[in-house]
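The values are calculated or read from the model by the stated rules, or taken from the named source; none is laboratory data. Every value quoted in this text rests on a predicted model; they were computed, and no experiment measured them. Note that each Cβ is placed from the backbone with ideal geometry, even for glycine, and that neighbours are counted across all protein chains shown. All accessible areas refer to the heavy atoms of the entire protein, side chains included, with ligands and DNA or RNA removed. Shrake-Rupley method; radii C 1.70, N 1.55, O 1.52, S 1.80 Å.
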Amino acid sequence: MKYDLSRQPTKGAQRTLSAFSSAMFDLLELESFETISVNEICERCDYPRATFYNYFDDKYDLVNYCWYLLATEIRVDEAPQLSPNEILVTYFDRLYQFFDHHKRQMKAILKHNQVDETLVASFTNYLKQTVRKIFRQIFAGLQLNIPAELLVTQCSATLLNLIEWIFLQDEPTTLEEAHRYLSILIGNSKKSCHARVGPIH
């Protein structure tokens, strides 16, 4: 992203970033990402194009910032000190609650942006890379029976595939049912670690 997110933004920068991201989210509920233009974004939040390009390279850069905001809301950058299976459930619950809370907005966005199109693929890719990073940190200190990267791939894919099936493919599922599905999908993955891993509740 063009804007440096590692530095503390000023109040003015916060307002500007918030205005552009809000405009993008609003427009995504009305039309497809492919048809949205930088001019349209700037008109909606009443900022000149020059200001937009001070913060973003293009609309793809802006949408990546939007995914960053969503990841912050889900708190996917936190890695609690739990067993691998408990970590999996913790992040699954955070994702489930986030998607459940934003169901109306998500349905509006999916009305104009299909699951297999650029926008949704961009979002799921961002989540996938972020969740993989978390699991790499978790498994780094464990003694494993299989390559760590293989376990990272399995855990992140299991978690995100179930979330995608429930919310992006619109298969209504209670959290209790989802936990049961997750437990079945995980199967005997706990055998991949020498560390003691508790059951999913």
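With Cα Rg over 2.2 N^0.38 Å defined as stated, name the option among [x] 1.14; [y] 1.22; [z] 1.05 computed from the structure displayed.
So the structure-derived entry is [x].
If I model a spin label at T72 and A121 as a point 7 Å from the Cα along the Cα→Cβ vector, what separation in nanometres do I get?
Going from the T72 label point to the A121 one covers 2.8 nm.
Would you compute, from DSSP H runs of 4+ residues alone, the mean residue ellipticity of the chain at 222 nm, taking -39500 (n - 2.57) per run and dividing by the full residue count, rounded to the nearest 500? Let's see the in-between values first.
Numbers: 9 runs with 127 residues, N = 201.
Mean residue ellipticity, 222 nm, calculated: -20500 deg cm²/dmol.
Within the chain, how many Lys pairs that are eight or more residues apart, or on different chains, come under 22 Å at the alpha-carbon?
Taking the Cα cut-off of 22 Å, the pair count is 13.
Report the label-to-label distance for S37 and I184 in nanometres (one decimal), using points 7 Å from each Cα along the Cα→Cβ vector.
Placing both labels 7 Å along Cα→Cβ, they lie 5.0 nm apart.
Could you work out Rg/(2.2 N^0.38 Å) for region 84-196, with Rg from alpha carbons only? All intermediate terms of the calculation are to be shown ahead of the outcome.
Numbers: Rg = 14.9 Å, N = 113, 2.2 N^0.38 = 13.3 Å.
In units of the 2.2 N^0.38 Å rule of thumb, it is 1.12.
Give me the dipole magnitude in Debye, nearest 20, for the chain about the Cα centre, with unit charges on the beta carbon: positive for Lys and Arg, negative for Asp and Glu.
Numbers: 21 positive and 25 negative charges, 154 e Å.
The dipole of the chain has a size of about 740 debye.
Relative to the compact-globule scaling 2.2 N^0.38 Å, provide the ratio for the alpha-carbon radius of gyration of region 22-106. Write out the running numbers ahead of the final one.
On the way: Rg = 16.3 Å, N = 85, 2.2 N^0.38 = 11.9 Å.
Expressed relative to 2.2 N^0.38 Å, the Cα Rg reads 1.37.
What's the carbon and sulfur percent of the chain's accessible surface, probe 1.4 angstrom, rounded to a whole number? Present the calculation step by step, with values, prior to reporting the outcome.
Working: 5440 of 11050 Å².
Taking all protein chains in place, the chain shows 49 percent carbon and sulfur surface.
Using only the Cα atoms of region 1-69, what do you get for the radius of gyration and for Dmax, in Å?
11.2, 33
If I ignore ligands, DNA and RNA and count only protein heavy atoms, how much of L17 is accessible to a 1.4 Å probe, in Å² to the nearest 10?
Taking all protein chains as shown, L17 has close to 10 Å².
Taking a virtual spin label 7 Å from the Cα of Y60 along the C-beta vector, which residues in region 7-40 bring their backbone nitrogen under 13 Å of it?
It comes to 34, nothing else.
With every protein chain kept in place and ligands, DNA and RNA left out, what is the accessible area per residue of region 106-179? Probe 1.4 Å, answer in Å².
On the way: 3960 Å² over 74 residues.
Each residue of region 106-179 exposes 53 Å² on average to a 1.4 Å probe.
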